[in-house]
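Structure first, commentary second.
The values are calculated or read from the model by the stated rules, or taken from the named source; none is laboratory data. These numbers come from a predicted model, not from an experiment. We place every Cβ from the backbone using ideal geometry, glycine too, and count neighbours over all the protein chains shown.
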DNA sequence: AAATATAGTTAATAATATTAACTATTTTAG
DNA sequence: CTAAAATAGTTAATATTATTAACTATATTT
């Protein structure tokens, strides 16, 4: 019998919640012909300051595909495909970086900006509805908690893998 | 320019964190030939009390495929595939419900139980490491927060869709 | 100057999941 | 009590989402 644990409950709930949010997101964005991943790219190009990516690192210049790959935790090849869809739809445009001609930087078009602006109120409406009833302090603690988890996952990679070695070494 | 919002930061962080956790999970479970989804099924069949599913509803009898589909938020057809892999690996077994012959109930085999037990310490090790440094009270508040979000997503479906109608109705 | 690294793309393919159609059984409603 | 609807599971075809590996072009390092 596995024991109750707040910590495991939290992690499993985060998983579940993220899943549900993604499902709902997919349903909504489907109406404008996008997937949640494509949508996230638009949010990045809109410089949404609430994205964890922008909390980790500041960006002066427009983003490029490899930075999006980093943030979304997928391959560059995958980003190429996602970007092509957004280009086709005229939501973003691409231009070459004059300082480094390997790089292509990405920017929302007017149409892209308009779409983000149009959807932002209903996005925030849902988000505020979901999270209402907690104090600002509680929410801040909550956010710190999430950010700590993320930092550890990113910066203490080796420590985490050491836990898993227990599993693999004495297999069977 | 999109404004800073704790609430949006939280939601985007949950998304990001879940993603990272899934990636790490996939890496680890790959070593025993499983995916994160297959792993989650094992956790369900082990009656892990920390799964949101078991907090929402109590289950006396062994689970069946359609209940897993509910919990994982995927189609039954998908569960059939996932289950077949686990059956092939001898980690679970299936038996017919005598009261309702449409139903097939699922159970961990000895091998399945052994695998869950073997991996639980390293899973909990990582989880405790990630979440350390917060008080029990803070963690409880956090969990309540997550559970509130989930409840609203599940029970107040219509309210949420009403936000999105803003988006679709005045399209363009 | 040569070797290595970075950015992006392409083609083939893997994985993950969905839809639709079907069988079998049970429940509901007239 | 029967006909219709609902539930459980499966199968086959397909969609989607993502990865790997090989490649070009450019920049950086040694």
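Of the conditions (1) within 16 Å of DNA strand C (Cβ to nearest atom); (2) facing chain A (nearest Cβ under 7 Å); (3) surrounded by 20 or more Cβ atoms within 10 Å (Cβ to Cβ), residue B:41 satisfies every one except a single condition; which number is it?
All conditions are met except number (2).
(1) away from DNA strand C (no atom under 14 Å from the Cβ); (2) within 10 Å of another protein chain (Cβ to nearest Cβ); (3) more than 18 Å from residue A:11 (Cα to Cα): which one isn't true of residue B:67, the others all being true?
It fails just one condition, (2).
Any idea which residue in segment B:1-26 is farthest from the chain's Cα centre (by Cα), counting only those that are more than 19 Å from residue A:71 (Cα to Cα) and more than 7 Å from chain A (Cβ to nearest Cβ)?
Among residues in segment B:1-26 that are more than 19 Å from residue A:71 (Cα to Cα) and more than 7 Å from chain A (Cβ to nearest Cβ), the one farthest from the chain's Cα centre (by Cα) is B:1.
What is the one condition in (1) at pLDDT 95 or above; (2) away from DNA strand D (no atom under 16 Å from the Cβ) that residue A:83 does not satisfy?
Residue A:83 satisfies all of (1) at pLDDT 95 or above; (2) away from DNA strand D (no atom under 16 Å from the Cβ) except (2).
Looking at segment B:38-48, can you tell me whether even one residue there is without any contact (Cβ under 8 Å) to a residue 40 or more places away in the chain, over 12 Å from the mean Cα position of the chain (by Cα), part of a helix (DSSP H, G or I) and over 25 Å from residue A:123 (Cβ atoms)?
No, that holds for no residue.
Scan segment A:105-120 and give yes if some residue there is without any contact (Cβ under 8 Å) to a residue 40 or more places away in the chain, away from DNA strand C (no atom under 16 Å from the Cβ) and under 30 Å from residue B:24 (Cβ atoms), otherwise no.
Looking for residues that are without any contact (Cβ under 8 Å) to a residue 40 or more places away in the chain, away from DNA strand C (no atom under 16 Å from the Cβ) and under 30 Å from residue B:24 (Cβ atoms), one finds none in segment A:105-120, hence no.
Could we say that residue B:29 is more than 14 Å from the chain's Cα centre (by Cα), farther than 22 Å from residue A:20 by Cα and buried (at least 18 other Cβ atoms within 10 Å of the Cβ) here?
Criteria met by residue B:29.
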